[in-house]
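The values are calculated or read from the model by the stated rules, or taken from the named source; none is laboratory data. Source: prediction; values computed, not measured. Cβ atoms come from the backbone with ideal geometry, glycine included; neighbour counts cover every protein chain shown. Note: accessible area is taken over every heavy atom of the protein model, side chains too, but ligands, DNA and RNA are not part of it. Shrake-Rupley method; radii C 1.70, N 1.55, O 1.52, S 1.80 Å.
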Amino acid sequence: MTTAYDAVVLAGGAARRLGGSDKPGVRVGGRTLLDRVLAACPDAGRTVVVGDPRPALRPVRWTREDPPGGGPLAALGAGLRETESDVLLVLSADLPFLDGATVRSLLDALTAAPGADAALLTDAEGRDQPLVAVYRAEPLRRALARLTEEHRGLAHLPLRGLTRVLRLTRVTAGPLASFDCDTWEDIATARSRIREHGTVLDEWITAVKNELGIELDVDTGVLLDLARDAAHGVARPAAPLTTFLVGYAAALAGPGAGPEAVAEAARKAAALAQRWAAEQDEAG
């Protein structure tokens, strides 16, 4: 059973180690850090971003902590007031490698621990990451209200003041899930990593789909095989032209056709390329 949740993304920090740059707007792999985080939680019932409004991957609700720049607890309190769900996903806006699988593992961990108030991600060194976490809304509200009363507000309070009073369960993920970008060196590392051989195609395809507003999962292996068959059996320029025509044919099949239309058009084009190549072999 899928757990319903709202998401709160904290995007209003000062980014002092980035020289005051607009950190959520910094691009990694052609996508802003904020958009990369939003892509990890597309099924959130309501998504609240605490920070200055800006263009985003999808519609979100904007709010701001009081005072602006008052720190993560003040921002969390502001975001919490805009939510409705009993379960809240809380994320910072500087996580370039966060994915849906990590979000799902946090939600599952909280469901599996009915006595816990929150499920936190821990990094490779075993450190808690309270801004990569899922919280039950009511215990979170009570904890923030208590801190507000004790300190006459939430501004500039450390996050450990919150986690100290909640019952926690923890999820250990790979080193990339909690990798955050605090410095330009971190940004450079993230940009370099997404261009590694094993991930560059997935990163590029995701960036293109986001840029074009396409929500479609396709079998990249099928399209790459088609491009190879067209290049080898016809001519090298045939590869990009053929894959374009396959995409166009799939679009003409209608909005409800989906990945199956791409696969069927690719199958027909691949068979044609193979027949074309066979004729050349016979002529040879």
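Please specify each residue of region 1-25 satisfying the condition of being modelled with pLDDT of 90 or more and either part of a loop (DSSP other than H, G, I, E, B) or surrounded by 24 or more Cβ atoms within 10 Å (Cβ to Cβ) (or both). Result: ALA4, TYR5, ALA7, VAL8, VAL9, LEU10, ALA11. Residue-level check: of (1) modelled with pLDDT of 80 or more; (2) under 20 Å from the mean Cα position of the chain (by Cα); (3) not basic (Lys, Arg), GLY247 misses just (2). Tell me, yes or no, whether region 220-231 has at least one residue that is open to solvent by 40 Å² or more (accessible area, probe 1.4 Å), touching a residue at least 40 places away in the same chain (Cβ under 8 Å) and not in a helix (DSSP H, G or I). For region 220-231, residues open to solvent by 40 Å² or more (accessible area, probe 1.4 Å), touching a residue at least 40 places away in the same chain (Cβ under 8 Å) and not in a helix (DSSP H, G or I): absent.
Within region 210-219, the set of residues being open to solvent by 90 Å² or more (accessible area, probe 1.4 Å) and assigned to a helix (DSSP H, G or I) comprises GLU211, LEU212. Taking each residue of region 25-47 that is among the acidic types (Asp, Glu) and looking for partners that are assigned to a loop (DSSP other than H, G, I, E, B) and buried (at least 20 other Cβ atoms within 10 Å of the Cβ) with beta-carbon atoms closer than 7 Å, six or more apart or interchain, yields nothing. Scanning region 113-130 turns up one or more residues that are charged (D, E, K, R) and in a strand (DSSP E or B).
Against the list (1) touching a Ser or Thr at 6+ places or on another chain (Cβ under 9 Å); (2) assigned to a helix (DSSP H, G or I), the condition ALA207 fails is (1).
Here's the yes/no breakdown for (1) modelled with pLDDT of 80 or more; (2) assigned to a helix (DSSP H, G or I):
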| residue | (1), (2) |
| --- | --- |
| VAL132 | yes, no |
| LEU154 | yes, no |
| VAL171 | yes, no |
| ASP182 | yes, no |
| SER192 | yes, yes |
| GLY198 | no, no |
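The set of residues from region 133-142 being touching a strand residue (DSSP E or B) at 6+ places or on another chain (Cβ under 9 Å) and open to solvent by 10 Å² or more (accessible area, probe 1.4 Å) comprises ARG136, PRO139.
Conditions (1) open to solvent by 40 Å² or more (accessible area, probe 1.4 Å); (2) acidic (Asp, Glu); (3) within 14 Å of the chain's Cα centre (by Cα); (4) under 18 Å from THR206 (Cβ atoms), marked per residue:
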residue: GLY30; (1), (2), (3), (4): yes, no, yes, yes
residue: LEU33; (1), (2), (3), (4): no, no, yes, yes
residue: PRO42; (1), (2), (3), (4): yes, no, yes, yes
residue: GLY45; (1), (2), (3), (4): yes, no, no, no
residue: GLY51; (1), (2), (3), (4): no, no, no, no
residue: GLU82; (1), (2), (3), (4): yes, yes, no, no
residue: ASP86; (1), (2), (3), (4): yes, yes, no, no
residue: ALA93; (1), (2), (3), (4): no, no, yes, yes
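Listed conditions (1) modelled with pLDDT under 80; (2) acidic (Asp, Glu); (3) out of contact with any helix residue (DSSP H, G or I) (no Cβ under 9 Å at 6 or more places or on another chain) are all met by GLU149, apart from (1). Only a single item in (1) farther than 29 Å from GLU149 by Cα; (2) open to solvent by 20 Å² or more (accessible area, probe 1.4 Å) is not met by THR63, and it is number (1). Restricting region 96-127 to residues that are farther than 30 Å from GLY30 by Cα and among the small types (Gly, Ala, Ser), the residue that is surrounded by the fewest Cβ atoms within 10 Å (Cβ to Cβ) is GLY115. Of all residues in region 158-166, none satisfies being part of a strand (DSSP E or B) and either of a type outside the set (S, T, N, Q) or closer than 18 Å to GLY79 by Cα (or both).
Apart from one condition, PRO130 fits all of (1) surrounded by 19 or more Cβ atoms within 10 Å (Cβ to Cβ); (2) more than 29 Å from ARG193 (Cα to Cα); the exception is (2). Of all residues in region 152-178, those satisfying the criterion of being out of contact with any helix residue (DSSP H, G or I) (no Cβ under 7 Å at 6 or more places or on another chain) and of a type outside the set (S, T, N, Q) are ARG152, GLY153, HIS156, PRO158, ARG160, ARG164, ARG167, LEU168, ARG170, GLY174, PRO175, LEU176.
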